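Here is the structure we will look at, set down as structure tokens.
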Amino acid sequence: MDSEKIKEGVRLILEGIGEDTEREGLLETPDRIARMCEQIFGGLGQDASKHFEKQFHATNNNIVIEKDITFYSVCEHHLLPFYGKAHVAYIPNEKVAGLSKLARTVEVFARRPQIQENMTAQIAEAVEKYLEPKGVMVMIEAEHMCMTMRGVQKPGTKTVTTITKGAFADDYSLQQTFMQMVK
């Protein structure tokens, strides 16, 4: 990331809204925002494949689900946060990944300017590509600050997105099982 460009951009925004960038409370704000960007947009330089490098043989090929994975992301349309829970399930095809790897995959895609619909698909596609399971299902439930702080101003409203692949796409009863497990 180009910290200097970020700092200059923050200074321009502050000037644009009529603030004094030399005011005591704002003097270090550009630097703070640049450091924050490194953290909240850190997924831009990451590849989800690294989280699936180590896999384990599994004889149990029933649903594996990691639910309530807390995430924070930033809406690419307004650069405001959206946050919530991701639920990731797959049906192993004789191999599994460590449980933390699903949460780490969510983080790779959450830590970039993003829309929830794409994030849901990207997580499912990564699990499908690197684990080659019989099926994948991902559901994300999130509150968007662009709907809370501006525009329609409806705090507490949740957006829910899902995607199904493989056996989950073909079998409604598997989708129902997933839904019951995440509730």
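Can you find even one residue in region 71-79 that is more than 30 Å from Met147 (Cβ to Cβ) and out of contact with any helix residue (DSSP H, G or I) (no Cβ under 8 Å at 6 or more places or on another chain)? Among the residues of region 71-79, not one is more than 30 Å from Met147 (Cβ to Cβ) and out of contact with any helix residue (DSSP H, G or I) (no Cβ under 8 Å at 6 or more places or on another chain), which makes the answer no. In the set (1) touching a helix residue (DSSP H, G or I) at 6+ places or on another chain (Cβ under 6 Å); (2) within 17 Å of Val64 (Cβ to Cβ); (3) modelled with pLDDT under 95, Ile91 fails one condition alone, (3). Of the residues in region 113-120, at least one is in contact (Cβ under 8 Å) with a residue 40 or more places away in the chain, over 22 Å from Met181 (Cβ atoms) and touching a helix residue (DSSP H, G or I) at 6+ places or on another chain (Cβ under 9 Å).
Within region 129-151, the set of residues being under 20 Å from Gln114 (Cα atoms), out of contact with any Leu (no Cβ under 8 Å at 6 or more places or on another chain) and surrounded by fewer than 19 Cβ atoms within 10 Å (Cβ to Cβ) comprises Glu141, Glu143, Thr148, Gly151.
The conditions of being more than 20 Å from Val64 (Cβ to Cβ) and not hydrophobic (A, V, I, L, M, F, W, C) are not met by Gln175.
Does region 130-150 hold any residues that are part of a helix (DSSP H, G or I) and in contact (Cβ under 8 Å) with a residue 24 or more places away in the chain, and which are they?
Start the filter on region 130-150 by keeping residues that are part of a helix (DSSP H, G or I), which leaves 130-131, 145-148.
If the condition is that a residue be part of a helix (DSSP H, G or I) and in contact (Cβ under 8 Å) with a residue 24 or more places away in the chain, then Tyr130, Leu131, Met145, Cys146 are the ones that fit.
When Ala126, Ala169, Ala103 are checked against the criterion of being farther than 28 Å from Gly42 by Cβ, in a helix (DSSP H, G or I) and open to solvent by less than 70 Å² (accessible area, probe 1.4 Å), a single residue qualifies: Ala169. Taken over region 146-159, residues that are out of contact with any helix residue (DSSP H, G or I) (no Cβ under 9 Å at 6 or more places or on another chain) and closer than 19 Å to Val88 by Cβ amount to 1.
The values are calculated or read from the model by the stated rules, or taken from the named source; none is laboratory data. Keep in mind that this is a model prediction, so the values were computed, not measured. No Cβ is skipped: glycine too gets one built from the backbone with ideal geometry, and neighbour counts run over all protein chains shown. Ligands, DNA and RNA are stripped out before the accessible areas are found, and what is left, the full protein with its side chains, is counted by its heavy atoms. Shrake-Rupley method; radii C 1.70, N 1.55, O 1.52, S 1.80 Å.
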